[in-house]
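Taking it in order: structure first as structure tokens, then the write-up.
The values are calculated or read from the model by the stated rules, or taken from the named source; none is laboratory data. Computed from a predicted model, the values in this text were never measured in an experiment. Note that we place each Cβ from the backbone using ideal geometry, even for glycine, and neighbour counts take in every protein chain shown.
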Amino acid sequence: MAKVTEEFDLYGKHYVLETGQVAKQATGACVVKQGDTVVLLTAVVGGKRDDIDFFPLTVDVVERMYAVGRIPGGYIKRETRPSDKGTLMARAIDRPIRPGFPDGFHNDVQIVATIMSNDAENPHDEIGIMGASAALLVGGVPFDGPAAGVCIGRDRETKEWIVNPTYQEKENSDLELSVAGTADYISMVEAGGEEISEEDMLAALEFAQQVLGEFCAAQQRFLDKVNPTPMEYTLDIPDPQIAERVNVYFDEMQARLKGPDKQARKANADALKTEITATFSDEEQAKWGKAIAAAIKSLEKHAMRDMVIATGERVDGRVSTEIRPITTEVGWLPRAHGSGLFTRGQTQVLSVLTLGMLADQQRLDTINPEKHKRYMHQYSFPPYCTGETGRMGAPKRREIGHGALAERALVPVLPSEQEFPYAMRVVSEVLESNGSSSMASTCGSTLALMDGGVPIKRPVAGIAMGLIKEGDDTVILSDIRGIEDFLGDMDFKVCGTERGITALQMDNKAKGLSTEILGRALAQAHEGRKFIMGKMMEALTAPREGISSYAPHVITIQIPTEKIRDVIGSGGKVIRALQEETESNIEVDEDGTVYIASVGEGGEEARRRIELIVKDPEVGEEYTGKVVGIQSFGAFINILPGKDGMLHISKMAQGRIGKVEDVLNLGDEVRVVIADVDPKNGKVSLDRLDKPPVPEGCEAPAPRPRRDGDRDHDRHGHGGRPGGDHRTPRRHH
């Protein structure tokens, strides 16, 4: 194939789609560009899998550091696993692409997105969805496209919509709405916002649907130039008699699905599935095993959905708008800096807060402009939470995605770094799961933050909405259970405060999902959120006044930038000693901001000492200092940390003494007053308070009268000896 290019401009941004030049052995390949950001999307279709009853799609994102002209950090100078951003991009491509394949298509499909150039201006996430769609269609793959992804922002001042905002435009936007789908329907939504109203969010979704249509039209022009050849494939079409024999158990399956307890319901349904399978002979099971399992799964799906559509009753007896029973508790862990236990039905999450210094924030070595993250939210979903066994290890894509959603929901209400100079980490431990654990982690984490004394602007609650759509019949479900998510048409998670939405996430399996239905879902979610918020406030109505006694208390002070070296000391000697002696951690920024963290009273002592270090001595101030050095002409007295003054030998006693050691020795403490501060070099001259009498036998000889020609003592550094005496002065060791 010769190189084919389609260039177009939309909403002030320039885009390019190319194929036919690189990666030509892939089933389909497309290079997509926005500005100087370049992503290569490849799609490869493997052989048909006869041993499975699902669609084996894999999406991988490869982040090359050469894309931003950097060598990977650490010892291994090679990219390894993708960053969390890369994992989230893979999920964002998978979710709108997967529903576009026909039922029964069981060929292996792998999509690889390689970020080859990032201009630090144009993000690569959304254009990757368009590129994946184009790569599939260029290869003639049976995919219901074109599909595209767009990001919608909104200018804080003008309130104008921004399509695919640059990184800089995102900083001045109060909304980041990522939407994927076709010209006809929306299939995936991710959003973060600064308490956006339901009306404004719906308007943004409607605008996004319009923009998707324009990107799909541009992609279609590209495909018309390519004129791809459709690939040949076969679908797994089960024998119709299998469904006929299975569907006679419809009423029995519907009865088995009823019940509030997940494990009991599952056991009843599994027992029926075993009974149905046993009605097929061994020969039939060997021949149709996969098709029988698929038919039973379809029976369960339609039995649950019909129950909701026909009767309005859900598997656990609730009506569509009803929320499961909720209990909340704070301070559940005695030594944690903050903890919140949130239980809703058979979903339970314990969120635990840990506070640290700003230096504890996560440092990011990725191709994205973001260099660090002050708030870290991590979500853990162990197998025991669903009563199962399984592998424990690195977080899976789902765990990373759920943690990112809860993090996005809470970031808009967090205090600024100036208001609360802490790094914050929240871990959400899913202890029990039967639907909506990510929303439970949002609620539990709000409680943990408030329990830890983090002054959040307002509490955040979350709810997961579902949808059952059969023809023109549509039922929106509040607070969905696991089975309603698995067998339903939509998983629509909404998080927000009493003022508006802070995060959204939606996966849609139903084609033809209109913005009118989304508007109804948002309104119903608003009411559910209010109910959940009321239950949360029963545990704690506002953030605690102070942080836990087990958390590091951070004190912030400002010092002159020219004093930073005095606080740090040569080779860090001063600051290390301060940290060790006060049992605190101290950080000094280039602008002179000093952060002191300690558990206990050490922080206040460290603050006092730092303030003394940076203090400029003034004439007339009195100190008790220690003798740290002795010379023939006087003693050096340490009056402040890092600051010494000179006490001349003539000011040490009530009369003249022969040598300093007659009245002072190293380590002695002495009361002094500042007599003078040199304005040029800051050198301090001291006078002794409470001068002692001269010890007997230690008087110095009376000075001889000064003669003409004597050298000036101050200018030449030694006494006016006649004839210019150059004898070497006595040294003290």
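In the stretch 246-257, which residue that is surrounded by fewer than 17 Cβ atoms within 10 Å (Cβ to Cβ) and not acidic (Asp, Glu) is nearest to ILE296 (Cα to Cα)?
Applying the filter and picking the extreme gives ASN247.
Given (1) of a type in the set (Lys, Arg); (2) within 23 Å of GLY403 (Cα to Cα); (3) modelled with pLDDT of 90 or more, where does LYS509 come up short, assuming only one miss?
Just one mismatch for LYS509, condition (3).
Quick check, is PRO165 out of contact with any Asp or Glu (no Cβ under 9 Å at 6 or more places or on another chain), outside the structural domain of PRO369 (by TED's automatic domain parsing), part of a loop (DSSP other than H, G, I, E, B) and under 20 Å from PHE8 (Cα atoms)?
no
Quick one: GLY496 ticks every box in (1) at pLDDT 95 or above; (2) closer than 30 Å to ARG335 by Cβ except a single one, so which number is it?
(2)
Give me the pairs: first residue in the stretch 258-280 and in the same structural domain as ALA293 (by TED's automatic domain parsing), second residue hydroxyl-bearing (Ser, Thr, Tyr), beta-carbon distance under 7 Å, and six or more apart or on different chains, which are they?
Between residues of the stretch 258-280 that are in the same structural domain as ALA293 (by TED's automatic domain parsing) and residues that are hydroxyl-bearing (Ser, Thr, Tyr), the close pairs are LEU272/TYR249; ILE276/TYR249.
Return the residues of the stretch 255-307 that are polar (S, T, N, Q) and assigned to a helix (DSSP H, G or I); say none if nothing qualifies.
Scanning the stretch 255-307 gives GLN263, ASN268, THR274, THR277, GLN285, SER298.
If you scan the stretch 582-609, which residues turn out to be touching an Asp or Glu at 6+ places or on another chain (Cβ under 9 Å) and among the aliphatic types (A, V, I, L, M)?
Selection gives VAL594, ILE596, ALA597, VAL599, ALA606.
Farther than 26 Å from LYS511 by Cβ and either in contact with a strand residue (DSSP E or B) (Cβ under 6 Å, 6 or more places away or on another chain) or among the aromatic types (Phe, Trp, Tyr) (or both): is that true of SER173 in this structure?
In short, yes.
Residue check: is GLU329 within 35 Å of the chain's Cα centre (by Cα) and within 24 Å of TYR384 (Cα to Cα)?
Answer is yes for this residue.
Inside the stretch 1-115, counting only strands (runs of 3 or more DSSP E) that do not spill past its ends, which hold 2 or more residues that are at pLDDT 90 or above, surrounded by fewer than 18 Cβ atoms within 10 Å (Cβ to Cβ) and assigned by TED's automatic domain parsing to the domain that holds GLU214?
So the answer is 4-10, 13-19, 37-48, 57-63.
Here are ALA120, ALA148, ALA135: which of them is closer than 30 Å to ASP51 by Cα, of a type in the set (Gly, Ala, Ser) and in contact (Cβ under 8 Å) with a residue 12 or more places away in the chain?
Exactly one of ALA120, ALA148, ALA135 is closer than 30 Å to ASP51 by Cα, of a type in the set (Gly, Ala, Ser) and in contact (Cβ under 8 Å) with a residue 12 or more places away in the chain, namely ALA135.
Take the residues in the stretch 463-479 that are of a type in the set (Asp, Glu) and not in a strand (DSSP E or B), then tell me which one is modelled with the highest pLDDT.
Only one residue fits best here, namely ASP479.
From the list ALA525, ALA597, which residue is among the small types (Gly, Ala, Ser), within 26 Å of the chain's Cα centre (by Cα), crowded, with 17+ Cβ neighbours inside 10 Å and in a helix (DSSP H, G or I)?
Selected residue: ALA525, the only one of ALA525, ALA597 that is among the small types (Gly, Ala, Ser), within 26 Å of the chain's Cα centre (by Cα), crowded, with 17+ Cβ neighbours inside 10 Å and in a helix (DSSP H, G or I).
Evaluate the stretch 526-543: report whether one residue or more is modelled with pLDDT under 90 and either under 28 Å from PRO459 (Cβ atoms) or of a type in the set (Ser, Thr, Tyr) (or both).
no
When ASP710 is evaluated against the numbered criteria (1) modelled with pLDDT of 90 or more; (2) of a type in the set (Asp, Glu); (3) in contact with a Pro (Cβ under 9 Å, 6 or more places away or on another chain), which criterion, by number, is the only one it fails?
(1)
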